[in-house]
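Colleague: One structure coming up, written as structure tokens, with questions to follow.
What follows is calculated from the coordinates using simple rules that are stated; it is not laboratory data. As the structure is a prediction and not an experimental result, all values here were calculated from the model. Please note: Cβ atoms are built from the backbone with ideal geometry, for glycine as well, and neighbour counts cover all protein chains shown.
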Amino acid sequence: MCGIAGVLAPNLDASQREQAVTRMIRAQHHRGPDDQGLYSQGPVTIGMARLAIIDPANGRQPMHSADGRFTIVFNGAIYNYRELQAELRAEGWQFRTNCDTEVLLAAFALRGAACLPRLRGMFAFAIWDKEKQTLFAARGPLGIKPFYYARLPNGGLLFGSELNVLLASGLVERAIDLSAVGEYLARFSIPAPRTLYQGLQNLPPGHSLEVLPNGRLKTEVWWTMPLPSQPAIRSLNYSDFVYGLRAQLEDTIRAHQVADVPVGAFLSGGMDSSAIVGLMARTGVSHLKTFSLIFDEPGFSEAESARLAAETFGTEHHEYLLTGAQLAKDLPRILATFDQPTGDGINTYYASQMARAGGVTVALSGLGGDELFGSYPSFRDLPRLNTILPWWRKFPQGLQKRIVKGLRSRADARALKLADFLASARDLHELASLQRRVLPEAVRLSLLSPEARAHAERLGPHHPMLDQFAGDLIGADAFQIISAWELRTYMADVLLRDSDVFSMAHSLELRVPFVDPVLLGWLWPQPAHFKHDPQHPKRALADAVADIVPAAIRNRQKKGFALPFGAWMRRELRPFLDETFSNSSLANCPWLDTAAVQTIWREFLTGTDTRAWSRVWTIAVLIALVNRPIPARR
Amino acid sequence: MKTILLSPELFLGEGGIARIMRLYLKSLCELAAPGEAVVAVVLNDFPGDDSKLPRYSTPALHGVLGCSRSKWRFARATLNQAQRDARIVCGHLHQLPIAWLAKRLNPGLNYYLVAHGIEVWRPYSALEVLAMRGATAIWCISEYTRRQMLRFCPQLDPRRLVVVPNTLDPFFTPTELPPTTPTPAAPKLLVVSRLATTDTYKGIDTVIEAMPHFLRLHPQGQLRIVGGGNDVPRLTALVATLQLQHAVTFTGIIDDAALRAEYANCDIFALPSRKEGFGLVYLEAMTYGKPCLGARAGGVPEVINDHVGVLADYGNIPEIAVALDDLVRHPRDATTIRAHADSFDFTHFTQRLALALR
């Protein structure tokens, strides 16, 4: 786990490039406080800040192949590195370390990009080929680790693990992309490949890129969702499925514990994190440390459930009482860690802070369970809506327009969302593409300046990867379609991105055993009715760990992890929000409609809709991010 | 065996479907074995042979039946022509139910659908689904169109959906113009498109918006926009707002000879469109050895690769500007580009069609 950075720029000399990369490494010191390194050759300089997890003594980066041809900077962890190491050794590679970085380097040196599907883990890396003078980079299949880049003049490329790192280089401008603002207001996040800043790109999950000697850039998709139907691994009955699932879960838990430093776990008290911790205990982890956030506000804290799980599994359990006052105090520091706006992630920030302070360098999280086992409302609602669409299309267009207009004239958020579905969705993919939108289309457009609105209207309401995602899912059933959309949009764009940024802010490596290509490969083609029981969400997961997770947790009603933001925003966070929504702050956001934004804030203060906070917070974070002081270049 | 080609238009207009269906007519005529006949039934054309017909037919053609926009006449002519061992090649999904009905009346008949692009990227009516499921094969102009059809109609057997890429009209070939060399100091960009408010997805406004970025890098750059339509006032206003009058020229609608000259004189062809089923217009530019900028959307990535052009995300203005700059700084090899266009020429098309008919 590290932060990586690099500049490929034929028009800059080595000292100019090294100065830029040094600034970039400094800007991501939090990602890798244990070591740092720099390498220059020809037109390239690459560097990294290392958080030493595997073979701490020998895994220095940038790492070179023995013949000096290949040099790698790597962010992430390869869990099957020992298995690959044995294979590569048999092919004649002489290993000098026991580090996953060298295994990745060897795999690429021997097999090129064809090595990517064999990697089990989370990764974003860049490799300079001195002989061919090419720079190759790739990002893991589901997007756990980030890779941002920007083209430079004369065929150059700038890359890094955070946008702040790219900006710190001094080689690119901090200019807001108006289209990205519209995308963010739609869905809490800015989907790859776009970022908040013009010209700065987010390499999408499962993609690779290569800069050729003539400066041309090639990007390719190297991973798509598994085949929807694979009779060879499909379970014949539910018992076989549960048995197989248990074996797969134990396998992924074992794989994700590979480390030469202490490993702990986040434990919210829900089914997913309890299953993770229970399986860790079952697979032999001793002196396991677990971490929970708790709240004073009634109805939000899951402390009892987490304590029950910790007691059952015999963990050393740590709790952190998060209050609105604490958050208000920490907010400037938290905002400084943001590289893109997000409406989420505060919980990960504090849980990571607690875990690092509690003595672990690696923590496992239950993220991904909802997407795999269908416990979001989308798995229930979207198929129902999809059955309505053929009937809806039979209505005369004039009547359709009148109905949509009628729905949009209502203040009810559900009516507005339904209006968006009816106006813009033609099939399940388009329903799924729209369903994670936080602001209804009419509201979103009203918040934008005329120029930004024109950009938003040009791109339309759908997710920018709609065609690619839908094209990957030919032959998939409804459960797979919704699961894939949840995995590739909300999970990748929001949950995993935030997890990376906020865990790395505390130099903590966060691992997500449910987001594992091997587990996904087995689970994906299994019959939907095995994975998902609408009457009992996560029944399959509960059954697979029935012997280790207490019944009180298995039978608990699903409760989304939420912070008491609504109350805090009216009390402790009020001064921050008043300032954020002031005319002076909004003056720096010319792409927003000041009056409309301020109206949203006022309506929140006087309204009673308990869910409205997320819309207000989403906008506030964007405004605050733009208004935060720009760090001085050092 | 008789082959019946159904088409909305052949010679009435110069729309994309009419142009490609003419080539289907020519190809089917060339593939007809001795004694086999080809008949075209055309919904919108008027009775009587067009002067261009000889170019697109052989003696195997036994007639073009123009139906003067009468759907009733079109249906009746099709059913009259349909025989037990005939095959029907249907040029538009809307006409497929007629073919389905013909098969109901003549069970030995086979029918095929040519799926072009945007007209099949949508949910289908029950009748359309029924008709598509009865088709012997569906010829999709791109893998993208094939995937869209499977997305909106999962009941279709994927094996029956075959990709038959569009082809260039052999009569639209570069004329003997003096060879041009790239002009990196004053790069000339070309857009060719219908400029209609219904076609804003073509992304012409995004090329215009990218021009200020592009001109910062190439101050002598020029953009020429060929085509006409009711979106011209909006685009002209955009040019004025961005103060680009010195760098952007609207030529209006021009004839074939002038169009050839535009292709020959440009350095880069740019059309970052969101909804191209295939992108024939890029191939036209490529026959002149010109590199193309397209959007990473629709069927375009199947036509534009790294050796012949560059792709950018639709609507991403900075990326479009960088992509244009890339094409100026790293000119693609004109011979490679022409060779790529040649792989979509009429000869290859006829070979692919022959395979698809087996």
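Colleague: Expressed as a whole number of Å, what is the distance separating the alpha-carbon centroids of the range B:1-57 and the range A:496-551?
Modeller: Using only Cα atoms to place each centre, the spacing works out to 58 Å.
Colleague: Something else about it: Work out how much length B:Lys71 to B:Ala126 would gain on full extension: take 0.36 nm times their residue separation and subtract the Cα-Cα distance, in nm to one decimal.
Modeller: 17.8 nm
Colleague: Rounded, prolate or oblate, given the Cα gyration tensor of the range A:281-334, with a/c below 1.5 counting as rounded?
Modeller: Here the range A:281-334 falls in the oblate category.
Colleague: According to the Kirkwood expression over distinct Cα-Cα pairs, how big is the hydrodynamic radius of the range A:335-442, in Å? Mind showing how you got there, number by number?
Modeller: On the way: mean 1/r = 0.0585 Å⁻¹.
Over the range A:335-442, the inverse of the mean reciprocal pair distance is 17.1 Å.
Colleague: Still on this structure: Taking a temperature of 10 °C and a viscosity of 1.306 mPa s, what whole-number D in µm²/s does Stokes-Einstein yield for the protein assembly as shown with Rh from Kirkwood over alpha carbon pairs?
Modeller: For these conditions, the coefficient is 52 µm²/s.
Colleague: Just B:Gly63, B:Gly227, B:Gly48 to compare: in a GNM of chain B, with alpha carbon springs under 10 Å, which one fluctuates most?
Modeller: Result: B:Gly48 has the largest fluctuation of those listed.
Colleague: Could I ask something else about it? Loop-only check: which GluC sites (Glu not before Pro) in the range B:1-98 are DSSP coil with at most 12 other Cβ within 10 angstrom?
Modeller: Here the GluC sites (Glu not before Pro) that fit, given the DSSP loop and packing criteria, are B:Glu14.
Colleague: Treat chain B as a sphere of radius equal to its Kirkwood radius over Cα pairs and apply Stokes-Einstein at 37 °C in a medium of 0.692 mPa s; give the translational diffusion coefficient in µm²/s, rounded to a whole number. Write out the running numbers ahead of the final one.
Modeller: Numbers: Rh = 21.4 Å.
It diffuses with D of about 153 µm²/s by this estimate.
Colleague: Sort the range A:241-311 into rounded, prolate or oblate with this rule: let a ≥ b ≥ c be the square roots of the eigenvalues of the Cα gyration tensor; rounded if a/c is under 1.5, and if a/c is not under 1.5, prolate when a/b is larger than b/c, oblate otherwise.
Modeller: Numbers: a/c = 2.72, a/b = 1.54, b/c = 1.76.
Note, shape of the range A:241-311 comes out oblate.
Colleague: Let me ask something else. Multiply the residue gap between A:Ala528 and A:Arg556 by 0.36 nm, knock off their C-alpha separation, and tell me the result in nm, one decimal place.
Modeller: Details: separation 28, 0.36 × 28 = 10.08 nm, distance 2.22 nm.
My answer for the length gained is 7.9 nm.
Colleague: I've got another one for you. Rg/Rh for the range A:31-111: what does it come to with C-alpha atoms and Rh from Kirkwood?
Modeller: That ratio is 0.95, to two decimals.
Colleague: Given +1 on the Cβ of Lys and Arg, -1 on the Cβ of Asp and Glu, and no further charges, what dipole in debye does the range B:257-315 carry about its Cα centre, rounded to the nearest 20?
Modeller: The dipole magnitude comes to about 100 debye.
Colleague: If you don't mind, another one. Residues with amide H under 5 Å of A:Met225's amide H, sequence separation 5 or more or different chain, H placed in the peptide plane at 1.01 Å from N; which?
Modeller: Here the answer is none, since no amide H 5 or more places off falls under 5 Å of that of A:Met225.
Colleague: Over the range A:93-228, what portion of Cα pair distances is larger than 19 Å, expressed as a whole percent? Spell out each step's value before the answer.
Modeller: Numbers: 5127 of 9180 pairs.
Within the range A:93-228, distances greater than 19 Å cover 56 percent of Cα pairs.
Colleague: Taking only the Cα atoms of the range A:4-60, how large is their convex hull per residue, in Å³?
Modeller: Numbers: hull volume 3.8 nm³, N = 57.
Spread over its residues, the Cα hull of the range A:4-60 gives 66 Å³ apiece.
Colleague: 5 Å is the cut-off here: which amide hydrogens, built 1.01 Å from N in the peptide plane, fall below it relative to B:Leu5, excluding neighbours closer than 5 in sequence?
Modeller: B:Val39, B:Ala40, B:Val41, B:Val89
Colleague: Quick check on chain B: helices-only [θ] at 222 nm, where DSSP H runs of length 4 and up contribute -39,500 (n - 2.57) each and the sum goes over total residues. Nearest 500, please.
Modeller: Values: 12 runs with 131 residues, N = 358.
Only helices count here, giving -11000 deg cm²/dmol.
Colleague: Expressed as a fraction of 2.2 N^0.38 Å, the rule-of-thumb size for a compact globular protein of N residues, what is the C-alpha radius of gyration of the range A:255-363?
Modeller: Details: Rg = 14.5 Å, N = 109, 2.2 N^0.38 = 13.1 Å.
My calculation over the Cα atoms of the range A:255-363 gives 1.11.
Colleague: In Å³ and rounded to a whole number, note down the convex hull volume per residue for the Cα atoms of the range B:169-249.
Modeller: Spelled out: Cα convex hull of the range B:169-249, divided by residues, is 114 Å³.
Colleague: Below 13 Å, Cα to Cα, which aspartates and glutamates can A:Lys132 reach? Residues fewer than 8 away in the same chain don't count.
Modeller: By straight Cα distance, A:Lys132 reaches A:Glu210.
Colleague: When the Cα centres of the range A:566-634 and the range B:285-358 are compared, how far apart do they sit, in Å?
Modeller: 46 Å
Colleague: Using a 7 Å offset from the Cα along the Cα-to-Cβ direction at both A:Arg111 and A:His287, what is the distance between the two label points in nm, to one decimal?
Modeller: Modelled inter-label distance: 3.6 nm.
Colleague: For the range A:460-563, what percent of Cα pairs sit more than 19 Å apart?
Modeller: The answer is 59 percent, as a whole percent.
Colleague: Amide H neighbours of A:Leu510 under 5 Å, at least 5 residues apart or on other chains, H built in the peptide plane: list them.
Modeller: Correct list: A:Ala363.
Colleague: If you don't mind, there's one more thing I want to ask. Just to be sure I understand: if I project the alpha-carbon convex hull of the range B:217-358 onto a plane and average over all orientations, what area do I get in nm²?
Modeller: 9.7 nm²
Colleague: Turning to a different aspect of this structure: What area, in nm² and to one decimal, does the C-alpha convex hull of the range A:317-368 cast on average over all directions?
Modeller: Orientation-averaged projected area of the Cα hull: 4.6 nm².
Colleague: Now a separate question. So, with +1 on the Cβ of K and R and -1 on the Cβ of D and E, and no other charges, what is the size of the charge dipole of the range B:109-175 about its Cα centre, to the nearest 20 debye?
Modeller: The calculation lands at about 260 debye.
Colleague: Oh, and also: Among DSSP bridges having both ends in the range A:166-323, what percentage is antiparallel? Round to the nearest 5.
Modeller: Values: 6 of 14 bridges.
Roughly 45 percent of the DSSP beta bridges within the range A:166-323 come out antiparallel.
Colleague: Further question: Points 7 angstrom from Cα along the Cβ direction at B:Asn230 and B:Glu14: gap in nanometres?
Modeller: Label at B:Asn230, label at B:Glu14, 2.1 nm between them.
Colleague: Hey, with R₀ at 60 Å, roughly what FRET efficiency would B:Asp333 and B:Ala237 work out to, going by the Cβ-Cβ distance, to 0.05?
Modeller: On the way: r = 38 Å, r/R0 = 0.64.
The value I calculate is 0.95.
Colleague: Take the alpha carbon atoms of the range B:109-168, find their center, do the same for the range A:269-328, and report the distance between the two centers in whole angstrom.
Modeller: Answer, in whole Å: 53.
Colleague: Which value, in Å³ per residue, describes the convex hull spanned by the Cα atoms of the range B:27-69?
Modeller: Taking the convex hull of the Cα positions in the range B:27-69, it is 63 Å³ per residue.
Colleague: Do the sum for chain A: with -39,500 (n - 2.57) for every DSSP H run of n ≥ 4, divided by all residues, what is the mean residue ellipticity at 222 nm, to the nearest 500 deg cm²/dmol? List each step's numbers first, then the result.
Modeller: Numbers: 29 runs with 279 residues, N = 634.
Value at 222 nm, helices only, nearest 500: -12500 deg cm²/dmol.
Colleague: Taking the inverse of the average 1/r across all pairs of different Cα atoms in the range A:442-517, what Kirkwood radius in Å do you get?
Modeller: Evaluated on the range A:442-517, it is 15.2 Å.
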